[in-house]
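**Student:** Please find one structure pasted underneath; my questions will follow.
FYI, it's all coordinate maths here, none of it is from the lab. Please read these numbers as outputs of a predicted model, since none were measured by experiment. Here Cβ is always computed from backbone atoms with ideal geometry, including for glycine, and neighbour counts include all displayed protein chains.
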Amino acid sequence: MKIGVIGGGQLGRMLALAGTPLGMNFAFLDPAPDACAAPLGEHLRADYGDQDHLRQLADEVDLVTFEFESVPAETVAFLSQFVPVYPSAESLRIARDRWFEKSMFKDLGIPTPAFADIQSQADLDAAVATIGLPAVLKTRTLGYDGKGQKVLRTAEDVVGTFAELGSVPCLLEGFVAFSGEVSLIAVRARDGETRFYPLVHNTHENGILRLSVASEDHLLQTLAEDYAGRVLKQLDYVGVLAFEFFEVDGGLKANEIAPRVHNSGHWTIEGAECSQFENHLRAVAGLPLGSTAKVGESAMLNFIGEVPAVDKVVAIDECHLHHYGKAFKVGRKVGHATLRCDDMAALELKIQQVEALIQG
Ligand code: AMP
């Protein structure tokens with residue numbers, strides 16, 4: 001089976017690493033000459049709107065999936081005429097736009113911060129008067145790793161902020177004083193079977209995910225599964241979907257969903273019976289899903305900007321390095337390590353060892 005992937009970054013690379021043992025081949029559509037998934041399959045180097053290359057991709061593969069959600073709607077619509085596309089165009093339409101996403105949470109009875117659609121500075125001023133400060137202004141689309149958003153704490157912060165974010169459609173959200181951030185990685189098969197991985201605790205730095213720790217019997221697991229299950233059913237979703245929540249007052253508030261494999265699920269490569277990457281491929285290919293049970297305790301640490309000395313990382317027992325082969329760049333995710341242990345105390349020590357390498 002040949003899988004077409006829109007995007008050729010590290011998520012595409014890890015999809016190919018998971019799918020190759022299943023007998024799958026891959027073609028990546030990505031305009032970047034140095035797309036890091038390219039060595040693992042065929043690289044169609046073209047823009048996402050290039051219909052000739054989209055047609056070529058559709059002709060060559062059995063199905064198409066995505067490694068990022070900001071794909072133009074026309075690209076998805078065009079491909080869908082010729083080849084099965086998972087997740088669906090509708091799932092991407094909702095997930096890539098914060099307004100549609102939050103409106104869906106509200107319609108499904110899933111708690112989420114107060115929010116308002118912002119099309120102008122006047123809209124922003126009016127929404128601040130209703131929602132109050134602090135609040136967060138986010139672009140409706142194309143935001144990632146804390147980009148395209150600004151925390152508004154004082155009245156002065158509000159002045160001119162719509163223009164500062166590019167005068168594009170935005171969403172104003174109430175600021176959530178959360179006690180923690182967790183994510184749930186879910187997978188839904190073509191026949192509707194749904195499985196969930198254990199909730200993951202996430203720590204961000206400057207808006208970028210730094211550390212994910214898979215949790216043991218989290219009290220909010222059932223609630224998170226209930227909320228995610230509603231979304232998966234609503235979208236008739238196929239594939240892996242990541243659901244990010246704020247933990248607040250002993251409950252959950254939905255932050256956002258990602259219609260793809262997710263950074264906070266990378267630990268599943270070594271830490272679960274079947275990884276998020278393999279389960280995504282199983283789902284889209286119509287294969288039975290694999291077990292989402294975890295194997296011991298696991299944590300994932302991102303390498304941002306540069307990867308520490310490889311010999312030092314791999315010298316740590318049960319520390320699994322994933323080097324994406326990308327060039328150094330401030331703020332860019334260039335690799336990660338998964339740490340495995342039998343107990344949480346030992347895992348904490350291992351996290352500190354890798355942190356020390358990162359700090360150099
Ligand atoms: P996002 O791109 O929406 O996931 O936001 C990136 C990070 O900003 C989140 O992981 C939170 O740490 C923080 N953040 C986003 N929205 C809010 C909010 N409404 N209240 C407090 N912190 C937020």
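**Student:** Grab the beta carbon distance between residue 108 and residue 32, set R0 = 51 Å, and tell me the FRET efficiency rounded to 0.05.
**Tutor:** For residue 108 and residue 32, the calculated efficiency is 0.90.
**Student:** Taking the chain as a Gaussian network, Cα atoms linked when under 10 Å apart, which of 269, 316, 110 shows the biggest mean-square fluctuation?
**Tutor:** Sorting by GNM fluctuation, first place goes to 316.
**Student:** Something else about it: Okay, which of segment 74-91 sit inside 18 Å, backbone N to the point 7 Å along the Cα-Cβ direction of residue 2?
**Tutor:** The answer is 79-86, whose backbone nitrogens lie closer than 18 Å to the label point.
**Student:** Counting only residues 5 or more places away or on other chains, whose amide H sits under 5 Å from the amide H of residue 120 once H atoms are built in the peptide plane?
**Tutor:** HN-HN under 5 Å from residue 120: empty list.
**Student:** Count the lysine pairs in the chain whose Cα atoms lie under 16 Å apart, taking only pairs 8 or more positions apart in sequence or on different chains.
**Tutor:** Close lysine pairs found across the chain: 9.
**Student:** If the elastic network links every pair of Cα atoms under 10 Å, which of 52, 226, 236 fluctuates the most in the Gaussian network model of the chain?
**Tutor:** Of the options given, 52 has the highest mean-square fluctuation.
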